[in-house]
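Input: a single structure, listed below in structure tokens.
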Amino acid sequence: MKRRVHRETVCVVGLGYMGLPTAALLANAGYMVVGYDIDARKVDAVNAGQVTFEEPGLSDLVARAHRSGNLRATTKIEPADTFIVAVPTPLNERAKRSELRYVILAAGSVAGVLKPDNLVILESTVPPKTCERLFIPSLESSGLKAGRDFQVAHCPERAIPGNTLHELVHNDRIVGALDEPSATATSALYRSFSKGKLFLTTLTTAESVKLMENTFRDINIALANEFARVAEQIGINAWEAIELANRHPRVNILSPGPGVGGHCIAIDPWFLTEETDHTHLIKTAREINDSMPEHVIRRAASLLVHLPNPTISILGVAYKANVDDARETPARAIAEQALSRGWTVRLHDPHVTAFELPLVPLDAALAGSDLVVLVTNHEDYRVLSPTHAASLMRTPQLLDTRNWFDHAAWRQAGFQVHIHGVGQTEPTPEVLTAHRPTVSEREPTQVGQ
Ligand code: SAJ
């Protein structure tokens, strides 16, 4: 298929965390974009020039695209020159396998309006061979043949929530294409707003690259979490040790934490390995990260042991800082395990509005509490005064799973401070810093001298 096709209408299927930003970027780049979603709430919001979730810069971008007349949304799929499928691909928790029903549904909807010369791009994260075995056959239920009648590409989204717009524009992109015309057409579309490099490869390699990136990160975090456990046992500060180790030019260890959440890193390793039975490291890393909430709860239990009817305050239920997304958040397992121990659990989050367990205002979350467990290091918590917190609590204790609060200030306010990854016998960080410069203050050349 060598014909040159002028493409100007784009239908983005799925107006979620990646679909909506992509739709708005394309609309602002001059394409006529229609967003298709089965959720009327999302469609109504776009048609009013509004957004349904927080992401820096997105609200302005959508409003601008809406004003230009280039962006609208619908609950009924429409014909277009190009289709971008950006629907969720959840994990079947029990089977630890991908649930591809939304991809199948989306491909079926596209097939219903597919025309010769159309380009269909899958952006959703999927297990290797999904395009070949499932996506293309679903599209071909239209009676058209991929490669002969229409073009197909897999261009996995790789932008990080919280910095989505910047990364969508500046990150390099992997374009997995069925054939050369698919590659050319897909590259032209992304070039309209992307400043990153575009790398061309096959459909299955593109599927795998995306999963390998997140698996690498998951394993790195699992290692940091193992270091945290070692540090707690031998009585050192894992955060300081990791920072020092990272001074080596070929070492880059990530940070320990209460567990790995979000829709990507906690899920993609399972997608990558679902058709193989020869993987150990990937599965073990998943198990380590999934066991972190229990580790946090055991540490909390040791701090509450002599207190009758303990109450804990969980600060932050989003899966990471400064987002309103609580998918796969470790806060859920921490809260559930605390409840199953019979503790009273009060949860607060400045960004998340919908959560399975009730969220309460900050003061209500702290009132009468015996332990603050910082799960998500939202910037909003910077203004929390430890003196105020102590005045509301029954027992002023802090378990900081992110090593994030100003611990000297919390101690000064009367708190017993405990830090994930810091052994009990370790001198407090402020004692250390009183005697020598912190790692970040020292020049790299001083280390090892
Ligand atoms: N986390 C740690 N320690 C760290 C870093 C993260 O415990 O040092 C935890 C976070 O608190 C969070 C989880 O890991 O619970 C994941 O957070 P994240 O910021 O590492 O990643 P995501 O899931 O928000 O986004 C990732 C990104 N992938 C990579 O960086 C390789 C993003 O670029 C992808 O687009 C996204 O997954 C995706 O959609 O796949």
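The values are calculated or read from the model by the stated rules, or taken from the named source; none is laboratory data. Only a predicted model underlies this, so the values are computations on that prediction, with no experimental measurement involved. Methodologically, a virtual Cβ is constructed for each residue, glycine included, from the backbone with ideal geometry; neighbour enumeration extends over all protein chains shown. All accessible areas refer to the heavy atoms of the entire protein, side chains included, with ligands and DNA or RNA removed. Shrake-Rupley method; radii C 1.70, N 1.55, O 1.52, S 1.80 Å.
Odds and ends about this structure:
- Scanning the range 198-215 for residues that are more than 16 Å from the ligand (Cβ to nearest atom) and out of contact with any Ser or Thr (no Cβ under 7 Å at 6 or more places or on another chain), we see that the one that is nearest to residue 121 (Cα to Cα) is 203.
- Exactly one residue out of 120, 85 is under 15 Å from residue 150 (Cβ atoms) and free of Cβ contacts under 8 Å to residues at least 40 places away in the same chain: that is 120.
- Among the residues of the range 257-271, those identified as near the ligand (Cβ under 6 Å from one of its atoms) and among the β-branched types (Val, Ile, Thr) are 260, 265.
- Residue match in the range 227-236 (condition: open to solvent by 60 Å² or more (accessible area, probe 1.4 Å), within 16 Å of the ligand (Cβ to nearest atom) and in a helix (DSSP H, G or I)): yes
- Spans of helices (runs of 4 or more DSSP H) in the range 242-334 with at least 1 residues in contact with a Lys or Arg (Cβ under 6 Å, 6 or more places away or on another chain) and among the aromatic types (Phe, Trp, Tyr): 268-273
- Answer residue from the range 313-339, given it is of a type in the set (S, T, N, Q) and under 14 Å from residue 258 (Cα atoms) and is nearest to the ligand (Cβ to nearest atom) among those: 329
- Some residue of the range 240-252 being in contact with a strand residue (DSSP E or B) (Cβ under 8 Å, 6 or more places away or on another chain) and either open to solvent by less than 70 Å² (accessible area, probe 1.4 Å) or hydroxyl-bearing (Ser, Thr, Tyr) (or both): no
- Elements of type strands (runs of 3 or more DSSP E) in the range 106-207, at least 1 residues being surrounded by fewer than 19 Cβ atoms within 10 Å (Cβ to Cβ) and within 28 Å of the chain's Cα centre (by Cα): 198-201
- The condition (being over 21 Å from the mean Cα position of the chain (by Cα), touching a residue at least 60 places away in the same chain (Cβ under 8 Å) and open to solvent by 20 Å² or more (accessible area, probe 1.4 Å)) is satisfied by just one residue among 48, 40, 63, 29: 29.
- Residue ID - nearest to the ligand (Cβ to nearest atom), chosen from residues in the range 340-362 that are of a type in the set (Val, Ile, Thr) and assigned to a loop (DSSP other than H, G, I, E, B): 352
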